[in-house]
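FYI, it's all coordinate maths here, none of it is from the lab. Since the model is a prediction, treat every value here as computed from it, not as a measurement. Cβ placement follows ideal geometry from the backbone for every residue including glycine, while neighbour counts extend to all protein chains displayed.
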Amino acid sequence: MTGTVTRCGTIGMVGRPNVGKSSLLNRLVGEKLSIVSDKPQTTRHLVTGIVTQGDTQFVFVDAPGNPPRLKSVLQKALNRRVNEAASDTDVVLFMVEALRFGPEDHAALERIPEGQAVIAVVNKVDLVKPAAKLIPFLDRLSRTHPFKAVIPVSARTGRNVAELLKVVREHLPEGPAAYPAESLTTKDERFFAAELLREKLFQEMGQELPYRCEVVIDSFKEDGRLRRIEATILVERDSQKAIVLGKGGEKLKHMATAARKDMEKMFGGKVYLGTWVKVRRAWTDDARALRQLGYE
Ligand SMILES: Nc1nc2c(ncn2[C@@H]2O[C@H](COP(=O)(O)OP(=O)(O)OP(=O)(O)O)[C@@H](O)[C@H]2O)c(=O)[nH]1
Ligand SMILES: [Mg+2]
């Protein structure tokens, strides 16, 4: 019931890469919306996750990890997205990993404009043993910035996530819901199709290659209950294309199958997924190519 909502607001999720922003978004919404990997800089888009609970609607905005070094045009575009999540929202969750606060975390905190309401979220507390080790860390963190609150959580186990929602609610503006109560996101299936395939590249390829890859959906057609999706993986060099394909195309086949299964689960119906690999030289540093790929 949209009419009963009395609080609604946007919550930006920022922090250095790999602290678990996307994992927390997924935990909060209860659906896997944002792709996750153990490699930094997995997220490249602003992914909205909507939670409607009682009289409150939370609109979370998962952002890319604060780019550690600004080299490419792509990283500059990611940086603008971080700024958007940090500035154009009602509240910011500044995320760090338990027992770790380094220069990259500091840089991410600096990016949040003065006067913005910031809640520090200390993630991955499931890794802290014994738990008492966390206390001095929380204490030190709370002295680095006038945070509204410092909340330890685990996106992995869900620990304290309900408490986090309670605290966030206190900082949301009053007003009616912006979206129907059953909405989970503002992104469409085409977006998630590209993301799920990109996730497999992050999970299966080596340390450098995922950063040279992008996924473009060439066509997305609904044919009765079947979704026919054609996707192209862009790489920067022929040698990278060979690695993505693997021997006899086996690697690509394996990744495409995993992505297709995830899509079927998310969309609740059969998917045909056709995949190609194409070389687009230096796309990560080509402003025109990036604009065409949706990085304004
Ligand atoms: N043990 C543990 N691992 C976690 C937790 N949350 C996330 N992770 C792991 O941390 C890694 C990074 O998680 P992501 O959610 O992709 O992190 P992110 O901050 O969105 O990263 P970027 O998009 O690259 O900025 C993954 O391997 C996750 O499985 C947690 O609460 N506990
Ligand atoms: Mg992420």
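Run the numbers for Glu110 and Arg225: contour at 0.36 nm per residue of separation, minus the present Cα-Cα distance, in nm. Display every interim value, and only then the final one.
Details: separation 115, 0.36 × 115 = 41.40 nm, distance 4.79 nm.
Between Glu110 and Arg225, full extension yields 36.6 nm more.
When each pair of different Cα atoms in segment 36-98 is counted once in the 1/r mean, what is the Kirkwood radius in angstroms, to one decimal?
Working: mean 1/r = 0.0768 Å⁻¹.
One over the average 1/r among Cα pairs gives 13.0 Å for segment 36-98.
Which length gain, in nm to one decimal place, applies between Asp38 and Ala242 when the Cα-Cα distance is subtracted from 0.36 nm times their residue separation? Walk me through the numbers before you get to the answer.
Working: separation 204, 0.36 × 204 = 73.44 nm, distance 2.34 nm.
Fully extending the segment from Asp38 to Ala242 adds 71.1 nm.
Could you check what % of the DSSP bridge pairs in segment 26-128 are antiparallel, to the nearest 5?
Of all bridge pairs located within segment 26-128, approximately 55 percent are antiparallel.
Project the alpha carbons of segment 69-147 onto their principal axes and report the range along each, largest first, in whole Å.
Principal axes ranked by extent give 43, 28, 18 Å for the Cα atoms.
Under 10 Å, Cα contacts only: if you run a Gaussian network model on the chain, which one of Val14, Val36, Val73 comes out with the highest mean-square fluctuation?
Val73
To the nearest 0.05, how large is the calculated FRET efficiency for Ala162 and Lys278 if R₀ is 51 Å and r is the Cβ-Cβ distance?
0.65
Over all pairs of distinct alpha carbons, what does the Kirkwood formula give as the hydrodynamic radius of the chain, in Å?
20.1 Å
Loop-only check: which trypsin sites (Lys or Arg not before Pro) in segment 160-245 are DSSP coil with at most 14 other Cβ within 10 angstrom? Please report the intermediate quantities before stating the final value.
Numbers: sites: Lys166, Arg169, Lys187, Arg190, Arg198, Lys200, Arg212, Lys221, Arg225, Arg227, Arg228, Arg237, Lys241; in loops: Lys187, Arg225, Arg237.
Answer by residue number: Arg225, Arg237.
Determine ³J(HN,Hα), in whole Hz, for all residues of segment 164-175 in sequence, where each value follows from phi through the Karplus function 6.51 cos²θ - 1.76 cosθ + 1.60 and θ = phi - 60°; x replaces Gly and Pro.
4, 4, 4, 5, 4, 3, 4, 9, 8, x, 6, x
I need the semi-axes of the equivalent ellipsoid of segment 151-281: take the C-alpha gyration tensor, multiply each eigenvalue by 5, square-root it, list largest first in whole angstrom.
34, 20, 14
Counting pairs of Cα atoms in segment 136-183, how many percent are more than 16 Å apart?
59 percent
Based on DSSP H runs of at least 4 residues, each adding -39500 (n - 2.57), what is the mean residue ellipticity at 222 nm of the chain after dividing by all its residues, to the nearest 500 deg cm²/dmol?
That comes out to -10000 deg cm²/dmol.
What translational diffusion coefficient, to the nearest whole µm²/s, does segment 1-122 have by Stokes-Einstein, given a Kirkwood radius computed over alpha-carbon pairs, a temperature of 10 °C and 1.306 mPa s viscosity?
109 µm²/s
On full extension of the chain, what length is gained from Ala178 through Arg80, given 0.36 nm per residue of separation minus the C-alpha to C-alpha distance?
That pair, Ala178 and Arg80, stretches by 32.9 nm at full extension.
Rounded to the nearest 5, what % of the DSSP beta bridges within the chain are antiparallel ones?
Details: 18 of 49 bridges.
Bridges in the chain that DSSP calls antiparallel: roughly 35 percent.
Put a dot 7 Å past each Cα toward the Cβ at Gln203 and Leu138; how far apart are the dots in nm?
So the two model labels end up 3.3 nm from each other.
Straight-line reach from Lys21: which lysines have Cα under 21 Å away, leaving out those fewer than 8 places along the same chain?
Within the straight-line cut-off, Lys21 pairs with Lys32, Lys39, Lys76, Lys124, Lys148, Lys166, Lys187, Lys200.
Kirkwood Rh and Cα-based Rg: tell me the resulting Rg over Rh for segment 86-132, rounded to two decimals.
Looking at segment 86-132, the ratio lands at 1.05.
Taking amide H positions as placed in the peptide plane 1.01 Å from N, state which residues far from Arg16 in sequence (5 or more) or on other chains have amide H under 5 Å from it.
Correct list: Asn66.
Between Lys71 and Glu296, what's the calculated FRET efficiency when r is the beta-carbon distance and R0 is 25 Å? Round to 0.05.
0.85
Can you list residues whose amide H is under 5 Å from Leu172's amide H, if they're 5+ apart or on another chain and H is modeled 1.01 Å from N?
none
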